[in-house]
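Taking it in order: structure first as structure tokens, then the write-up.
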Amino acid sequence: MTIDTDQALDAFYRDVDAVGLAPLWTVTGELLTPVPRPKAVPWLWSANTYRPLAERAIDLIPVERGGERRVLSLRNPGLGGQPYAAGTLWGAVQCLGKRETAPAHRHTPGAIRFVLEGEGVFTTVNGDACDMHPGDLVLTPGWAWHDHSSTSDASMLWFDGLDLPMIQALDGIFFEPHPENSQPIEGAHNRSVAAYGTAEGRFADDQVTEALDQTASPLLVYRWTDTAAELDRRAAARPDAATVAVEYANPRSGASVLPTLACGMRRLVAGRSTTPYRRSGNQIFVVHRGTGHSVIDGQRFDWQHGDMFVVPSWSAVEHRAEETADLFTLGDAPVLRALGIYREQTLDAPQDVTSTFVPQ
Ligand code: GTQ
Ligand code: FE2
């Protein structure tokens with residue numbers, strides 16, 4: 001190219017930039033990648049690390065209006081300091097000390113709780129007080145009033161999953177505090193369990209494939225005892241399987257528990273490796289029971305009860321339990337499915353392990 005053309009090009013790019021335009025052709029390869037390139041990286045937060053910090057937070061930090069919740073969020077180091085576990089998913093540890101109440105509020109992001117340890121807390125969701133026990137899944141759908149109250153002398157820990165970053169990306173965040181610290185409770189506790197707790201269709205296969213349901217499941221609590229019984233049944237029916245899984249389903253429609261979020265539980269038989277796969281959409285895993293490891297994009301992540309790890313979109317993943325394990329999973333696949341862009345792939349061979357993750 002001649003000097004004239006070089007100068008003309010430089011001037012052109014300056015003029016384009018100066019008026020708030022950007023050329024696509026210089027960034028096409030970064031924008032239209034052959035496969036998803038999530039900024040979030042595979043990562044693990046160990047219970048041994050977060051548990052003592054949660055206990056210190058209980059001693060140091062009151063739960064008050066404004067702050068609203070005593071929550072430590074999973075901050076993925078790939079996301080440049082944003083407090084998100086993955087590009088679309090919020091993951092966190094929430095703790096409540098004895099006899100405390102986290103004030104009532106509502107917001108457009110939907111939330112799910114998976115209980116890690118402790119007893120005596122209930123979450124009130126639009127007037128229905130939902131008792132929480134370890135292994136239970138509790139839903140707080142978008143725009144539902146919710147507050148958490150401890151009735152015991154022990155503290156309690158649970159995992160929070162929200163679609164907050166997704167709703168944030170859509171510029172759809174609305175938030176409102178309730179006029180009272182705790183909302184009124186209507187009738188007996190666990191009304192949604194009384195109405196739907198034994199409903200057909202509250203557990204679906206590995207992944208729900210129904211069309212999007214714009215409403216959340218009317219069943220707000222999925223008890224661990226029921227989930228465990230369902231997994232036992234599935235494992236008994238498939239004695240040769242290395243893994244069985246359920247997805248928690250909306251018993252009314254067969255869709256995912258929330259319009260944006262899918263929750264599941266995967267049981268891993270000790271000493272058997274699962275088939276490696278990739279899926280579009282992000283996933284957070286919470287280890288409910290057992291020990292083992294997962295290989296994510298060639299990196300080995302060892303885990304035990306209470307550990308949480310992220311499998312970003314299109315990362316290759318396979319699992320292996322040392323002791324029979326149950327892994328709770330949270331994912332955004334319902335959104336990709338609703339938009340017709342969901343993809344998955346089974347890989348032919350186990351991954352080569354090239355490194356081992358060292359938890360912080
Ligand atoms: O418990 O209401 O982890 O509003 C983040 C935002 C929990 C909650 C979180 C929330 C909550
Ligand atoms: Fe909330």
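The values are calculated or read from the model by the stated rules, or taken from the named source; none is laboratory data. All of these numbers come straight from a predicted model, not from anything done at the bench. Methodologically, a virtual Cβ is constructed for each residue, glycine included, from the backbone with ideal geometry; neighbour enumeration extends over all protein chains shown.
If only residues of the range 40-96 that are basic (Lys, Arg) and under 17 Å from Met156 (Cα atoms) are counted, the one that is nearest to ligand 2 (Cβ to nearest atom) is Arg69.
Results for (1) under 21 Å from the mean Cα position of the chain (by Cα); (2) part of a helix (DSSP H, G or I); (3) surrounded by fewer than 16 Cβ atoms within 10 Å (Cβ to Cβ), shown as yes or no for each residue.
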| position | (1), (2), (3) |
| --- | --- |
| His189 | no, no, yes |
| Ser192 | no, yes, no |
| Leu231 | yes, yes, no |
| Ser253 | no, no, no |
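Restricting the range 92-106 to residues that are out of contact with any helix residue (DSSP H, G or I) (no Cβ under 9 Å at 6 or more places or on another chain) and in a strand (DSSP E or B) leaves a set whose member that is farthest from ligand 1 (Cβ to nearest atom) is Thr101. Quick one: would you say Pro109 is in contact (Cβ under 8 Å) with a residue 24 or more places away in the chain, in contact with a helix residue (DSSP H, G or I) (Cβ under 8 Å, 6 or more places away or on another chain) and near ligand 1 (Cβ under 10 Å from one of its atoms)? Here the answer is yes, as Pro109 does meet what is asked. A search for C-beta distances below 7 Å between a residue of the range 176-187 that is closer than 20 Å to Arg99 by Cα and any residue that is among the hydroxyl-bearing types (Ser, Thr, Tyr), counting only pairs 6+ apart in sequence or on different chains, returns Asn181/Thr101; Ser182/Thr101; Ser182/Thr124; Ser182/Ser149; Gln183/Thr124; Ile185/Thr124. Each residue in the range 138-187 was checked for being surrounded by 13 or more Cβ atoms within 10 Å (Cβ to Cβ), within 20 Å of the chain's Cα centre (by Cα) and of a type in the set (Gly, Ala, Ser), and 3 pass. Here Leu219 meets each of (1) touching a Pro at 6+ places or on another chain (Cβ under 8 Å); (2) hydrophobic (A, V, I, L, M, F, W, C); (3) modelled with pLDDT of 95 or more; (4) surrounded by fewer than 20 Cβ atoms within 10 Å (Cβ to Cβ) with one exception, condition (4).
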